[in-house]
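See structure below.
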Amino acid sequence: MTLRVVVPEESEALPFTVEPGGARVASKEIPERIHRILEGLLDGGAVLAPRGTDGTDDADRAERLAEAVHGKELLEHLRHGVPEGAPSVLDDAFAAPGLAQETPVTRGVWPAALGAAAAAVRAAGLTARHGESSYALVRPPGHHAGPGWYGGYCFLNNAVIAARTLQEEGASRVGILDVDYHLGNGTLACVQGDPTLPFASVHSGRPEDFPYAFEPGPGLFAVASDPGPEAYLALVRNAVSHLRGQDVEALVVSVGYDVLAGDPHGSWSLAPEAFGPVAALVAEQRLPTVFVQEGGYGLPSLRGAARALALEASR
């Protein structure tokens, strides 16, 4: 089994993000994250997919699918929302319901977000054609981007765009499994009411963790405190079982390494090796699978976690 890794062109980090108290701080969503994760994936046996000659087609398809997933006003804001003469804009009109906007839009956001979505499209296409797993190693991430909002470093929902690509390639029902520390509130909203895209998530349910509100529902496994490796894997197994019960024919896995000890956006104590059993569980399903990068900001842990995942996903 070959795990093919798709990486978009590198984009700049956001100039700042806003903490709940209102302070502007340096963004932790930086290019170095991708460098370390890529090293780990390749060390674990994954291979870097060639860029190919269809990059324009991938971008066009990604933009078309983004228009099906997200509202027109949001997309226009991402494309053209920065006022002339300003470096960025912070607009609560495009924040998730009940939240203040903490993520700025810059002039570089649209090409970066579209590039990430195009990489997700390409990864899904590779999985559909070869029947093997792929890994869209993208930034910015996407699972907090909803139908009409962005936030949490996310602008376009790469996981849902990957799932829609798999559907266009022939899979009628695609399950989305989110193992990031934070609930993918954007993904949940984008697929809500669509039985062809069932969603399951294992995430922190602490009220001080983004997105701060957690409605209960089928497939949503909120954790009140640090679960530890055995309980975490059991929860992921329950989430996978929920998706298998929906007769899914393919999987998209939103990967968040922010569940690991020392992550500045998390609170759990999992070791990087925790992603080996998670990947093994996914591989046991024998389903076409696209891994899509979401969070993970503790730089020292990223290489080891990615290596552990790749060792199992590449078997």
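Assorted remarks:
- Cut-off under 5 Å, modelled amide H: who pairs with residue 296 long-range: 257, 258
- The distance linking segment 212-241 with segment 77-148 is 26 Å (Cα centroid to Cα centroid, whole angstrom).
- Here the Karplus curve 6.51 cos²θ - 1.76 cosθ + 1.60, taken at θ = phi - 60°, turns the phi angles of segment 29-44 into couplings of 8, 10, x, 4, 3, 5, 4, 6, 5, 4, 4, x, 4, 5, 5, x Hz, with x standing for Gly and Pro.
- In segment 68-114, the alpha-carbon atoms span a convex hull of 79 Å³ per residue.
- Euclidean distance of C-alpha centroids, segment 258-313 and segment 11-38, integer Å: 20
- Pair-distance distribution P(r) for segment 1-71, from all Cα-Cα distances in 5 Å bins starting at 0: 3, 12, 14, 14, 17, 19, 12, 6, 2, 0 percent.
- Computed over segment 39-99, the Cα gyration tensor eigenvalues convert (square root of 5λ each) into semi-axes of 32, 18, 14 Å, ordered from largest to smallest.
- Each residue of segment 67-73 was assigned a 3J(HN,Hα) from its phi angle through the Karplus expression (A = 6.51, B = -1.76, C = 1.60, θ = phi - 60°), giving 5, 7, 8, 10, x, 4, 5 Hz with x at Gly and Pro.
- Cα pair distances in segment 177-251, grouped into 5 Å bins until the bin that holds the longest one, percent each: 3, 17, 28, 26, 17, 8, 2, 0
- Mean separation of Cα contacts under 8 Å (6+ apart) over length of the chain, as relative contact order %: 22
- Per residue, in Å², the accessible surface of the chain once ligands and nucleic acids are set aside, probe 1.4 Å: 39
- Across segment 1-144, the mean sequence separation of Cα contacts (distance under 8 Å, 6 or more residues apart), normalised by length, yields a relative contact order of 39 percent.
- Given charges at Cβ of Lys, Arg, Asp, Glu: the chain dipole, positive-most of 111, 176, 93: 176
- Relative to the compact-globule estimate of 2.2 N^0.38 Å, the Cα radius of gyration of segment 230-315 comes out at 1.07.
- With a Förster radius of 25 Å applied to the C-beta separation of residue 12 and residue 169, the computed FRET efficiency comes to 0.20.
- Near-label residues of segment 126-143 by backbone N, under 16 Å of a point 7 Å along Cα→Cβ of residue 48: 135-139
- Put a dot 7 Å past the Cα of residue 244, heading toward its Cβ, do the same for residue 261, and the two dots end up 3.1 nm apart.
- Here the 3J(HN,Hα) profile of segment 303-315, calculated from phi with Karplus coefficients 6.51, -1.76 and 1.60 at θ = phi - 60°, is 4, x, 5, 5, 4, 4, 5, 5, 4, 8, 6, 9, 5 Hz, Gly and Pro shown as x.
- Whole-number D in µm² s⁻¹ for segment 56-176, Kirkwood Cα-pair radius fed into Stokes-Einstein, 25 °C, 0.890 mPa s: 168
- Pairwise FRET efficiency - residue 237 versus residue 26, Cβ, R0 = 30 Å, nearest 0.05: 0.20
- If you take all other residues with their beta carbon under 11 Å from the beta carbon of residue 268, and give Lys and Arg +1 and Asp and Glu -1, the sum is -3.
- Two-decimal ratio, the chain, of alpha-carbon radius of gyration to 2.2 N^0.38 Å: 0.90
- Value at 222 nm in deg cm²/dmol, rounded to 500, when DSSP H runs of n ≥ 4 in the chain each add -39,500 (n - 2.57): -12000 deg cm²/dmol
- Carbon plus sulfur fraction of accessible area for the chain, probe 1.4 Å, in percent: 51
- Rounded if a/c under 1.5, otherwise prolate or oblate - segment 107-202, Cα gyration tensor axes: oblate
- Judged by the mean number of other Cβ atoms found within 10 Å, the most tightly packed of the peptides 174-187, 108-121, 208-221 leads the ranking 174-187, 108-121, 208-221.
The values are calculated or read from the model by the stated rules, or taken from the named source; none is laboratory data. All of these numbers come straight from a predicted model, not from anything done at the bench. Counting neighbours? That spans all protein chains shown, and the Cβs are built from the backbone with ideal geometry, glycine included. Side chains included, ligands, DNA and RNA excluded: accessible areas come from the protein's heavy atoms. Shrake-Rupley method; radii C 1.70, N 1.55, O 1.52, S 1.80 Å.
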